[in-house]
Amino acid sequence: MKLHGSPISTAAQRALVALYEKELEFDFVVVDMSKGEHKSESFLSLNPFGQVPAFEDGDLKLFESRAVTQYIAHAYADTGTKLICRNEKQMAVVSVWMEVEAQQFNAPSTALAWELFYNPMLGIVTDPKAVEENEAKLAKVLDVYEARLAKSKYIGCDCFTLADLHHLPILQILMTTPVKAAFESRPNVSRWASEILSRPAWKKVVALRG
Amino acid sequence: MVEIRGELREKGKSKLQTSLMAATGVKVYGPPLSTAVSRVLGCLLEKDVQFQLIPINLAKGEHKKPDFLKLQPFGQVPAFEDEGLSLFESRAICRYICEKYANGGNKGLYGTDFLSKASIEQWLEAEGQNFNPPSSALVFQLAFAPRMKLKQDEGVIKQNEEKLAKVLDVYEKRLGESRYLAGDEFSLVDLSHLPNAHYLVSATNRGEMFTARTNVGRWWGEISSRDSWKKVVEMQKSPPGA
């Protein structure tokens, strides 16, 4: 098993944490994005969009971090942490909240991560309008999460699943910015965020990131 | 009723028959004109699943009322119910339909084996993460904003055209090697693209982005002429109730 990516890529981290949760043996092949390795012919044959991560398991090649995590969770269902539910109805609900992360949480939280974390590192001026707009969008999402987490221990069901895991990389970043107030001011969201961020598999990814 | 493999079934009825009988309980809430609603309708039609379409009047704000928010806490369409299970997010609903009604209609829609399913998941995520954002933005700016008498944002249009062009370049290469995106059979991946692509091709002057690319154009022609999609388009033209 091989994961091609960069330890600082949130998408690669998403796949990494799943591999660690499942306690799988794999090679982490570092792709040097500063040298444009992700746009090389050989990498494009693994991911035609020229994005990290890319994943290999025997002859199987996959891209898109959330497809990689789903593959791992199903193919190795009986190893390590169970990241899915066997019960069809429960899995359908987990699948809903996986889409919520991908379609509702991801865009505003990624935009905020860029404005408040990456751009300052790159010497790019923060756009206060973009921050305001995306904070408002994120607030609406977190209000829904607050209500959900009052009824459910984790976001998808009562156990830790991919629906929670997919949040980790961006969540980690946002908790180091002023946006952390949005999470900490909502008691159920705050409880959930602390719990999932303190999982050993995630701490391994953070250590790798440096 | 007898118990067969953990499920209650009417004696003598197969799992398929039981599923189809229960399928009359499937309810989709939302207007067919909504891209996300039409994604679910396309899937139900491909899988030959009976359903009831319950209109939701967006102009009257029905999607923000408490009763609807119980079904869909973000106040967006579609919402979906089947045998007491309440779901939302069109792609999650489609996955559920494909799993639950695996033996109905187009059996290969969500893959026939582990490998085909992995490929479908990968391209479904690509649709959701790479194709959907720029195409949705363009559909809103070019097809809906004028109808809703909202001001268009030229900057947003240009930015998203460039993003979509890059995605379609990747598709152009892929569709030169593969008949459909995930493989050689029509799948949930291709279906998932239909709603946004349909508006861009039929309701804006950016249809060329699809039709002028040889392989993408060929693919678009094939997927948009499927019976199931044609039925969805008919439903969009003459929505029930509302």
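Work out the P(r) tail for the protein assembly as shown: percent of alpha carbon pairs separated by more than 36 Å, whole number.
Result for the distance tail: 26 percent.
Taking θ = phi - 60°, what integer Hz values does the Karplus form 6.51 cos²θ - 1.76 cosθ + 1.60 yield along segment A:153-167, in sequence order, with x for Gly and Pro?
Result, rounded to whole Hz: 4, 10, 5, x, 6, 7, 10, 5, 9, 4, 4, 7, 3, 4, 6.
What size of dipole, in debye to the nearest 20, comes out for chain A about its Cα centre when the only charges are +1 on Lys and Arg C-beta atoms and -1 on Asp and Glu C-beta atoms?
460 debye
Please label the shape of chain B as rounded, prolate or oblate, based on the square roots a ≥ b ≥ c of the eigenvalues of the alpha-carbon gyration tensor (a/c under 1.5 means rounded; beyond that, a/b larger than b/c means prolate, else oblate).
Cα axes put chain B in the oblate bin.
Among A:LEU122, A:GLN103, A:ALA163, whose Cα sits farthest toward the positive end of the charge dipole of segment A:93-175 (+1 at Cβ of Lys/Arg, -1 at Cβ of Asp/Glu, about the Cα centre)?
It is A:ALA163.
Rounded to the nearest 500 deg cm²/dmol, what is the calculated helix-only ellipticity per residue at 222 nm for chain B, with -39500 (n - 2.57) per DSSP H run of length n ≥ 4?
Rounded to the nearest 500, it is -15500 deg cm²/dmol.
With a/c under 1.5 counting as rounded, go ahead and sort segment A:110-210 into rounded, prolate or oblate using the C-alpha gyration tensor (a ≥ b ≥ c being the square roots of the eigenvalues; past the cut-off, prolate if a/b is larger than b/c, else oblate).
oblate
Output the antiparallel fraction of DSSP beta bridges having both residues in chain B, as a percent to the nearest 5.
In chain B, approximately 75 percent of DSSP beta bridges are antiparallel ones.
Would chain A count as rounded, prolate or oblate if I go by the C-alpha gyration tensor, calling it rounded below 1.5 in a/c and otherwise prolate when a/b exceeds b/c, oblate otherwise?
Here chain A falls in the oblate category.
Could you tell me which of the pairs A:LYS89/A:LYS153; A:LYS180/B:LYS166; B:LYS60/B:LYS107; A:LYS203/B:LYS163; A:LYS129/B:LYS158; A:LYS140/B:LYS149 are separated by over 29 angstrom between their Cα atoms in the structure shown?
Listed pairs above 29 Å: A:LYS180/B:LYS166; B:LYS60/B:LYS107; A:LYS203/B:LYS163.
Taking Rh as the Kirkwood radius computed over C-alpha pairs, what is the Stokes-Einstein D of segment B:24-83 at 10 °C in a medium of viscosity 1.306 mPa s, expressed in µm² per second?
My calculation gives 137 µm²/s for D.
Each residue of segment A:58-64 in order: what ³J(HN,Hα) in whole Hz does its phi give by Karplus 6.51 cos²θ - 1.76 cosθ + 1.60, θ = phi - 60°, with x for Gly and Pro?
Taking θ as phi minus 60°, the curve returns x, 7, 7, 10, 9, 10, 6 Hz for segment A:58-64.
Taking Rh as the Kirkwood radius, which is the inverse of the mean 1/r over Cα pairs, what is the Rg/Rh value for segment B:108-242?
0.98
I need to check one value: relative contact order of segment A:35-163, counting alpha carbon pairs closer than 8 Å and at least 6 residues apart, in percent.
22 percent.
³J(HN,Hα) across segment A:30-43 via Karplus (A = 6.51, B = -1.76, C = 1.60, θ = phi - 60°), whole Hz, x for Gly/Pro?
Once rounded to whole Hz, the list reads 6, 9, 7, 6, 5, 9, x, 4, 6, 10, 6, 3, 5, 6.
Kindly work out what percent of the DSSP beta bridges joining two residues of the protein assembly as shown are antiparallel, to the nearest 5.
Taking every DSSP beta bridge within the protein assembly as shown, about 70 percent pair in antiparallel fashion.
Pick from B:LEU124, B:LEU69, B:LEU45 the residue whose mean-square fluctuation is largest in a GNM of chain B, springs joining Cα atoms under 10 Å.
Comparing B:LEU124, B:LEU69, B:LEU45 in a Gaussian network model of chain B, the most mobile one is B:LEU69.
How far is helix B:188-203 tilted, in degrees, relative to the longest principal axis of the Cα atoms in chain B, given as a value from 0 to 90 rounded to the nearest 10?
Computed tilt is about 40 degrees.
Mind checking A:87-99 for the average number of partner chain beta-carbons within 10 Å of each residue's beta-carbon?
Whole-number average of other-chain Cβ neighbours for A:87-99 is 5.
Which of these, A:ASN188, A:ASN87, A:ASN119, has the largest mean-square fluctuation under a Gaussian network model of chain A (Cα springs below 10 Å)?
Highest fluctuation among the options: A:ASN87.
Rounded to two decimals, what is Rg over Rh for segment A:29-144 when you use alpha-carbon atoms and the Kirkwood radius?
1.05
For segment B:58-181, calculate the relative contact order in percent as a whole number, restricting contacts to Cα pairs under 8 Å that are 6 or more residues apart.
RCO, segment B:58-181: 11 percent.
Determine one quarter of the surface area of the Cα convex hull of segment B:29-158, which equals its mean projected area, and express it in nm² to one decimal.
9.2 nm²
Tell me, which cysteines of chain B are without a disulfide-compatible partner by the Cβ under 4.7 Å rule?
That list is B:CYS98.
Count the net charge of all other residues whose Cβ sits under 13 Å from the Cβ of A:TRP192, scoring Lys and Arg as +1 and Asp and Glu as -1.
0
Taking Cα pairs under 8 Å and at least six residues apart, what relative contact order does segment A:145-210 come out at, in percent?
32 percent
Any idea of the total accessible area buried by the B-A contact, 1.4 Å probe, rounded to 100 Å²?
Accessible area lost upon association: around 2600 Å².
Roughly how many nanometres apart are two label points built 7 Å out from the Cα toward the Cβ at A:ASP143 and A:VAL29?
4.7 nm
Please give the helix B:214-224 orientation as an angle from the longest Cα principal axis of chain B, in degrees from 0 to 90, rounded to the nearest 10.
The helix B:214-224 is inclined about 40 degrees to chain B.
From the Cα trace of segment B:83-161, what convex hull volume per residue do you get, rounded to a whole Å³?
Each residue corresponds to 136 Å³ of Cα convex hull volume.
Which whole-angstrom value gives the distance between the alpha carbon centres of segment B:84-155 and segment B:170-228?
Here the answer is 13 Å between Cα centres.
Taking the 0 to 90 degree range and rounding to the nearest ten, how far is the long axis of helix B:114-126 tilted relative to the main principal axis of chain B, both from C-alpha atoms?
Taking Cα atoms only, the helix is inclined about 40 degrees.
Take every residue in peptide B:85-97, count the Cβ atoms of other chains within 10 Å of its Cβ, and give the average of those counts.
For peptide B:85-97, the averaged partner shielding equals 5.
The values are calculated or read from the model by the stated rules, or taken from the named source; none is laboratory data. Small disclaimer: the values here were computed from a predicted structure and weren't measured. Virtual Cβ from ideal backbone geometry, glycine too; neighbours counted across all protein chains shown. Surface areas here come from the heavy atoms of the whole protein model, side chains and all, with no ligands, DNA or RNA. Shrake-Rupley method; radii C 1.70, N 1.55, O 1.52, S 1.80 Å.
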